[in-house]
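These notes concern the structure reproduced below.
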Amino acid sequence: MLLLFSDWSLFYSVTTITETAEHSSIIFTHFIEAGAALLMLGFLYLAFRSNSTSSVYLIDYTCYRPPDHQRAPVPNFTEHIERTEGFSRENRDFQQKVLHRSGIGDEAYMPISVHELPPNTSFDPSQQEVEQVVFQVVKDLFSKHRINPKGIDILISNCSIFCPTPSITSMIINRFGLRSNVKSISLSGMGCSAGLLSISMIEELFKVHKNSLALVLSMEAVTPNGYRGRTKSMLVANTIFRMGGAAILLSNKKQDKWRANYELQHLVRTHMGADEQSYCSVVQKMDEEDVVGVSLSKSLLQVAARALKINVSELGPLVLPYSEQLKYCWLVTCQKIFGKGRAKREAAVVVPRFKRAFKHFCIHAGGRAIIDGVEKNLKLENEDGEASRMTLYRFGNTSSSSVWYELSYLEAKGKVKKGDRIWQISFGSGFKCNSAVWKSLANVDPERKNAWSDRIHMYPVQMPDFS
């Protein structure tokens, strides 16, 4: 009887072990199947992501440097204002005051027509200015890299005020003989932020058009911008805008990575047009005497600060180290919970340390106050704005192309090294704030010729303190 019980127990144990093993085998099989499914989903996601994104390589760019005889030294500019008919004594004094406080030096350039008395702001000299700039920068860029114009697949130009027919892109197609099926777009009315907006359009087009070569032209025509009325908010533009432009060559071809200088990592665009104060901060309009000009409102700096704050809130999580993001969230939370009095008032100035994410900063050279304001809002050091201040001093506000003159300055100074990240920040009418993040793919040779090569040894210069 005991033997029978023992045999039964043994049989039961063996059966139980067998069932357990089978159950474990089933669980393991399900685990393998689930893992395989997850891996498959991962591969599908990566495949979809690779198909929906495309690298943007910046092969090279060229900034226009006008001939020396087109320089407009401050004393000459002041005399020009004095001798131009139509300005009252008050308006002359106002423009001279803005000019002397603008941060623009004696090296900035003006079109030939603006050197004339009275300035010629008609259509022909406006078109001549555009042709002088864009034809030269495109020629220089094509020659430097031995680019066949028929190899350009996408062409985008941006110029806010001057919008001729045929368009600026058509002028380029006609002059250099681009292909008949080139995809061309001409942007106008987008203000000083249009340069990075054009890069954003290239980024989107590259997702659809593989193995493409793109050319972007960024400039602003100074000739048609002259205002000879009496409204002070519209006289400011007379003193800060100068002649300039840039051509940028981009590619999404994998084989072009080896010769590219930079790769686009992020581009964030912010448009504040739904807010009335922002929308009206930079407006082209007629004054009370029906004279057309561009009005810059007193609220411009406040509007720019709000736009920058929104733009940074979207850019920050993309570029900041997790440790910096956690620290920032902790400080803001503590101030909201425990902050009282002075501490609570100072909560608004808590900003992440963007110097942990970027090596160089290219702040739109819209004016001394704009550069100072961005430095203050982002808690940057004075040296971080050096490229922007020197660009403003030498070339003035060249609108959408200013961030490229700033990058040229950094290169000429030998500051750009492989792996560095550069943050370009632009502002424009609408009101818009755009940010582009580039990663350097090589050590840029400071001896390479660019717009700063002839005088880089003279910079930086000591800027007057108007505080």
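The values are calculated or read from the model by the stated rules, or taken from the named source; none is laboratory data. Since we're looking at a predicted model, the values are computed, not measured. We place every Cβ from the backbone using ideal geometry, glycine too, and count neighbours over all the protein chains shown. Heads up: the accessible areas ignore ligands, DNA and RNA and are worked out on the full protein's heavy atoms, side chains in. Shrake-Rupley method; radii C 1.70, N 1.55, O 1.52, S 1.80 Å.
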(request) Exactly one condition in (1) within 17 Å of Tyr109 (Cα to Cα); (2) under 22 Å from the mean Cα position of the chain (by Cα); (3) not in a loop (DSSP other than H, G, I, E, B) is not met by Ala221; state its number. (result) (3)
(message) Which residue is farthest from Gly244 (Cα to Cα), if the candidates are limited to segment 362-387 and must be charged (D, E, K, R) and not in a loop (DSSP other than H, G, I, E, B)?
(response) Lys376
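Residues are listed down the side, and each one gets a yes or a no for (1) in a helix (DSSP H, G or I); (2) among the charged types (D, E, K, R); (3) in contact with a Leu (Cβ under 8 Å, 6 or more places away or on another chain):
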position: Glu79; (1), (2), (3): yes, yes, no
position: Arg92; (1), (2), (3): yes, yes, no
position: Val98; (1), (2), (3): yes, no, yes
position: Asp106; (1), (2), (3): no, yes, no
(request) Starting from residues that are among the hydroxyl-bearing types (Ser, Thr, Tyr) and without any contact (Cβ under 8 Å) to a residue 40 or more places away in the chain, keep the ones in segment 170-218 and report whichever is farthest from Ala304 (Cα to Cα). (result) Ser180
(request) Test each condition in (1) more than 20 Å from Lys144 (Cβ to Cβ); (2) part of a loop (DSSP other than H, G, I, E, B); (3) open to solvent by less than 30 Å² (accessible area, probe 1.4 Å) for Lys417 and report the one that comes out false. (result) (3)
(request) Quick one: in segment 81-90, of everything that is open to solvent by 70 Å² or more (accessible area, probe 1.4 Å) and either at pLDDT below 90 or in a loop (DSSP other than H, G, I, E, B) (or both), which residue is nearest to Asp372 (Cα to Cα)? (result) Arg83
(request) Working only within segment 129-153, note down all residues that are closer than 17 Å to Ile185 by Cα, part of a loop (DSSP other than H, G, I, E, B) and among the hydrophobic types (A, V, I, L, M, F, W, C). (result) Ile152
(request) Could you tell me which residue of segment 232-272 is most open to solvent (accessible area, probe 1.4 Å), considering only residues that are closer than 15 Å to Cys192 by Cα and assigned to a loop (DSSP other than H, G, I, E, B)? (result) Met272
(message) Out of the residues in segment 169-190 meeting the condition of being touching an Asp or Glu at 6+ places or on another chain (Cβ under 9 Å) and not in a loop (DSSP other than H, G, I, E, B), tell me which one is least open to solvent (accessible area, probe 1.4 Å).
(response) Met171
(request) State all residues of segment 297-318 that are modelled with pLDDT under 90 and either in contact with a strand residue (DSSP E or B) (Cβ under 9 Å, 6 or more places away or on another chain) or open to solvent by 30 Å² or more (accessible area, probe 1.4 Å) (or both); if no residue qualifies, say none. (result) Ser313, Pro317
(request) Determine whether Ser126 is in a loop (DSSP other than H, G, I, E, B) and open to solvent by less than 50 Å² (accessible area, probe 1.4 Å). (result) no
(message) Residue pairs, Cβ under 6 Å, 6 or more apart or interchain, first in segment 127-155 and in contact (Cβ under 8 Å) with a residue 24 or more places away in the chain and β-branched (Val, Ile, Thr), second open to solvent by 10 Å² or more (accessible area, probe 1.4 Å) and in a helix (DSSP H, G or I). List them.
(response) Ile154/Leu205
(request) Could you grab me the full set of residues in segment 194-211 that are open to solvent by 10 Å² or more (accessible area, probe 1.4 Å) and either more than 17 Å from Ile425 (Cα to Cα) or charged (D, E, K, R) (or both)? (result) Glu203, Glu204, Leu205, Lys207, Val208, His209, Lys210, Asn211
(request) Tally the residues that are touching a residue at least 40 places away in the same chain (Cβ under 8 Å) and closer than 24 Å to Asn450 by Cβ, restricting the search to segment 56-101. (result) 13
(request) Hey, can you tell me all the residues within segment 415-467 that are over 29 Å from Leu308 (Cα atoms), among the basic types (Lys, Arg) and out of contact with any helix residue (DSSP H, G or I) (no Cβ under 8 Å at 6 or more places or on another chain)? (result) Lys449
